[in-house]
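Below is one structure; the comments refer to it alone.
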C-alpha cells in the first residue's frame, strides 16, 4: 500500500451525491488536511433520492449538486464533477467507462476511492444497484481503460488526454475490508458534511449516533482502542 506521502491527488468516484460523505468522509478530511488534493466524480445527480413530495422532481438535481459542493467544501474538496447520469438506472456501459476514464486522465490520481462492485449481504443498504454499477464501471476504467492508449480513442484523438495508470484503489462498502482509517479526529466534519445534504438528512435526528455506531464497529474490527472511530476499505494494488 502506498504511503500518504506518495499521494498528491485522490479521485473519488461514487454513484450519488452524499455517498462519499457516508462512506469515506473522514478519510477525505484526513487527506485534505495532509495537503492531498481530492476530486469528486459523482455519476448521477441523485434525482430519485429524498422523500420530500413538496419539491418538484425537476428541481432535485440542482439541489443535490449544490449540497454535494457544499459538503465537499466542508471536507476540503473544491473540485466536484458531475456526469449527469440518471439516478436509479445506472448500468455498466461503454459510455460510462469512457466518461470515468476521461476524469481519470484529467485528474491523474495516485489513489482512487470507489464503491464496491460486490454486494455486501450483511449491510444491504450499502449495496444499492447504482453503487454496484458505479464500482464496476470505476474499476473497469482503472483497468484496463484509462491506462490503455488505444481504449476510447476519442479521449486522446479529440481531447488530447493521454493514458494514465492508477497505482492504487481503495474500495469502500466492501464485504471484505482489509484496511481501516482512524477518522476519530474528523468525525465532526464528516457529520457537518452529511448535514449539508439537507434534502437527504434533515429528517435524521439520530444521524450522528447512527454514523458513530457504524464507525465504532469498524474501529473494533480494526483493533483500535475503545472510543476510536474508523472507516473501512479494501485496498487493491492496481499498479
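Miscellaneous remarks
- Residue in the stretch 5-14 that is surrounded by 21 or more Cβ atoms within 10 Å (Cβ to Cβ) and assigned to a loop (DSSP other than H, G, I, E, B) present: no
- Residue match in the stretch 70-78 (condition: closer than 11 Å to residue 17 by Cα, within 15 Å of the chain's Cα centre (by Cα) and part of a helix (DSSP H, G or I)): yes
- Candidate set from the stretch 33-61 (those that are surrounded by fewer than 19 Cβ atoms within 10 Å (Cβ to Cβ) and at pLDDT 95 or above); member that is nearest to the chain's Cα centre (by Cα): 37
- The stretch 173-187, residues that are surrounded by 15 or more Cβ atoms within 10 Å (Cβ to Cβ) and part of a helix (DSSP H, G or I): 184, 186, 187
- Residue in the stretch 108-127 that is surrounded by fewer than 18 Cβ atoms within 10 Å (Cβ to Cβ), more than 23 Å from residue 7 (Cβ to Cβ), in contact with a strand residue (DSSP E or B) (Cβ under 9 Å, 6 or more places away or on another chain) and touching a residue at least 24 places away in the same chain (Cβ under 8 Å) present: yes
- Residue 81 within 17 Å of the chain's Cα centre (by Cα), surrounded by fewer than 20 Cβ atoms within 10 Å (Cβ to Cβ), in contact (Cβ under 8 Å) with a residue 24 or more places away in the chain and over 25 Å from residue 189 (Cα atoms): no
Okay, residues lined up against (1) over 21 Å from residue 83 (Cα atoms); (2) over 13 Å from the mean Cα position of the chain (by Cα); (3) assigned to a helix (DSSP H, G or I):
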| site | (1), (2), (3) |
| --- | --- |
| 120 | yes, yes, no |
| 159 | no, yes, no |
| 171 | no, no, no |
| 189 | yes, yes, yes |
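- Condition met for residue 205 (closer than 23 Å to residue 72 by Cα, loosely packed, with under 15 Cβ neighbours inside 10 Å and free of Cβ contacts under 8 Å to residues at least 24 places away in the same chain): yes
The values are calculated or read from the model by the stated rules, or taken from the named source; none is laboratory data. Keep in mind that what you see is a predicted model, and the values were worked out from it rather than measured. Cβ sites come from the backbone with ideal geometry, for glycine too, and all protein chains shown count toward neighbours.
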